[in-house]
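What follows is a single structure, written as structure tokens, with notes after it.
The values are calculated or read from the model by the stated rules, or taken from the named source; none is laboratory data. Nothing here was measured: the structure is a model prediction, and the numbers come from that model. Using ideal geometry, Cβ is built from the backbone for each residue, glycine included, and neighbour counts are taken over all protein chains shown.
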Amino acid sequence: MLMLDPTAPEGRGDQILAGLREMIEASGTLIGEHDWGIRKMSFEIRHRPEAHYELFQFEGDNELLERVDHTLKITDGVLRFRIIRLKPGSGPPPTPRPPEPRSRDREPRGSERVAARAAADAG
């Protein structure tokens, strides 16, 4: 699972995914690739509230896993990643729920306190 920076320069995410895809296919087998889209994270990473989630399922030896791990650690544009070894015969990942629509009308949390404080200071 990769979490890519959605504010990276245009095309950077595609470069990262293409490079990872090539690395896996060169010495392993790519079983599945799932684009989960841009989603809000539970907490900010590098001052970013959202990330582009991409899930890769592949088979390969330990050398491939080490190469993927090293490459993702030093690649700009990767916010986080996790490599998980599954048991043989594991099923496909669950389909993610669609992201909840964001309300553009609501102000960010904490704004009520700021407004109340500003009113108290003005009065």
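Mind counting the residues in the stretch 1-26 that are under 13 Å from the mean Cα position of the chain (by Cα) and among the aliphatic types (A, V, I, L, M)?
7
Take the residues of the stretch 27-73 that are among the aliphatic types (A, V, I, L, M) and within 10 Å of the chain's Cα centre (by Cα): which is farthest from Ile16 (Cα to Cα)?
Narrowing the stretch 27-73 to residues among the aliphatic types (A, V, I, L, M): 30-31, 38, 41, 45, 51, 55, 64-65, 68, 72.
Pick out the ones that are also within 10 Å of the chain's Cα centre (by Cα) and you get 38, 41, 51, 55.
Values: Ile38: 16, Met41: 20, Ala51: 14, Leu55: 13 Å.
The selected residue is Met41.
Residues to consider are Lys87, Lys40; find the one that is of a type in the set (D, E, K, R), part of a loop (DSSP other than H, G, I, E, B), within 27 Å of Arg97 (Cβ to Cβ) and out of contact with any helix residue (DSSP H, G or I) (no Cβ under 9 Å at 6 or more places or on another chain). Talk me through it step by step, then tell me what you get.
On the way: Lys40 fails: part of a loop (DSSP other than H, G, I, E, B).
Just a single option satisfies the conditions, and that option is Lys87.
Would you please list the contacts, defined by Cβ atoms under 9 Å and residues six or more apart or on different chains, that run from a residue in the stretch 33-52 that is modelled with pLDDT of 90 or more and of a type in the set (S, T, N, Q) to a residue that is assigned to a loop (DSSP other than H, G, I, E, B) and surrounded by 14 or more Cβ atoms within 10 Å (Cβ to Cβ)?
Correct list of pairs: empty, since none qualify.
Can you tell me which residues in the stretch 5-30 are exposed (fewer than 12 other Cβ atoms within 10 Å of the Cβ) and hydrophobic (A, V, I, L, M, F, W, C)?
If the condition is that a residue be exposed (fewer than 12 other Cβ atoms within 10 Å of the Cβ) and hydrophobic (A, V, I, L, M, F, W, C), then Ala18, Ala26 are the ones that fit.
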